Amino acid sequence: MSYWTDLLQASFNGVPFGVYVEGGKFGRRWARHEYAFRDTPWMEDTGRRSREHRITGFLLENDQVYNGGPVVQQKLQMIQAVETPGLGQLVHPTLGTLTVACADCEFIARKEEGLVFEVHFEFVESGLQQFPDVATSTLDAVMAAASSADSGASADFVTRAESALQQGAAVVKMAASTASLWAAQAQGLSNDARNVYKTVYALQGNYGRFFGGRLNGFNPSAALQSVQQANVTVNSLLAQGTMLRATVANAGNTLNTIAGELGI
């Protein structure tokens, strides 16, 4: 096998022709990005460039190689071939059968060469017509999956925590109810009429001793029994008792307010 024996008979859309010169353009498509104060550009590869085939051929009267008939008839057949709508089939002498578009075709006849038409072709390869296709957005799919997982986790948490939360609310209500009860009892005790007698029980002298006798059967607290101060009068003790009762009442109201905020 050799170059000459491997050559294919060139043709376009079934019309054969001889070849003087054949060449082409190949390579990659590059987008050049140049920046200020940078000496070298960044070349972005955007894919393989379209292949262009330039062939200088000929049509010869009664050619014996490709069995051509009258040269004018060959020319008419070639014109019809390159003007046929759509893509065509090029048999390239070294690259084989290609699907191409004939971008240009030019005939040249020279008097001194006799019954020969020189033909200049420009062919450009073409693939299948493809339109934009529908594809799944992976970002949206991930976001949807994350949202679904979040909803599932939230629902699972609510299901698992519901009973515990209900038990916790019952405990809080019980504690608040007990606190309210204590506040009511404290306020009731502070407003008891017997506290007036207990207040002056520990006064020095006969006055305190008199009330001590009047309080026979009561059990004053140790704190009240320790009031042994000089210059203490009934009025001062009653005023102090009034302030203490007010303090107890305020504390009870505060406790009831907190219990109310807890939903009691």
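The values are calculated or read from the model by the stated rules, or taken from the named source; none is laboratory data. Quick caveat: nothing in here was measured; it's all calculated off a predicted structure. Positions of Cβ are backbone-derived with ideal geometry, glycine not excepted, and every protein chain shown enters the neighbour counts.
Criterion applied to ILE79, ILE108, ILE55 was being on the phi < 0 side of the Ramachandran plot, part of a helix (DSSP H, G or I) and either of a type outside the set (S, T, N, Q) or in contact with an Asp or Glu (Cβ under 9 Å, 6 or more places away or on another chain) (or both), and the one residue passing it is ILE79. Only one entry of THR40, THR46, THR5 meets the criterion of being in a helix (DSSP H, G or I), of a type outside the set (Phe, Trp, Tyr) and exposed (fewer than 12 other Cβ atoms within 10 Å of the Cβ), and that entry is THR5. Among the residues of segment 125-143, are any touching a Ser or Thr at 6+ places or on another chain (Cβ under 7 Å) and at pLDDT 95 or above? Among the residues of segment 125-143, not one is touching a Ser or Thr at 6+ places or on another chain (Cβ under 7 Å) and at pLDDT 95 or above, which makes the answer no.
Restricting attention to segment 8-26 and to residues that are part of a strand (DSSP E or B) and out of contact with any Ser or Thr (no Cβ under 9 Å at 6 or more places or on another chain), the residue that is surrounded by the most Cβ atoms within 10 Å (Cβ to Cβ) turns out to be PHE12. The set of residues in segment 1-16 that are more than 60 Å from the chain's Cα centre (by Cα) and hydrophobic (A, V, I, L, M, F, W, C) comprises MET1, TRP4. Yes or no: VAL65 at pLDDT 95 or above and aliphatic (A, V, I, L, M)? So VAL65 does not fit the description; no. The one condition from (1) of a type in the set (D, E, K, R); (2) surrounded by fewer than 13 Cβ atoms within 10 Å (Cβ to Cβ); (3) not in a strand (DSSP E or B) that ARG29 does not meet is (3).
From the list GLU83, GLU61, GLU106, the one residue that fits, being more than 30 Å from LEU128 (Cα to Cα) and out of contact with any Lys or Arg (no Cβ under 9 Å at 6 or more places or on another chain), is GLU61. Give the residue, chosen from LEU90, LEU7, LEU95, that is closer than 17 Å to SER126 by Cα and either at pLDDT below 95 or of a type in the set (Ser, Thr, Tyr) (or both). The conditions single out LEU95. Among residues of segment 1-18 that are within 15 Å of ILE79 (Cβ to Cβ), those with a Cβ under 9 angstrom from a residue that is assigned to a strand (DSSP E or B) and among the polar types (S, T, N, Q), sequence gap 6+ or separate chain, pair up as SER11/GLN89; PHE12/GLN89; ASN13/GLN89; GLY14/GLN89; PHE17/SER11.
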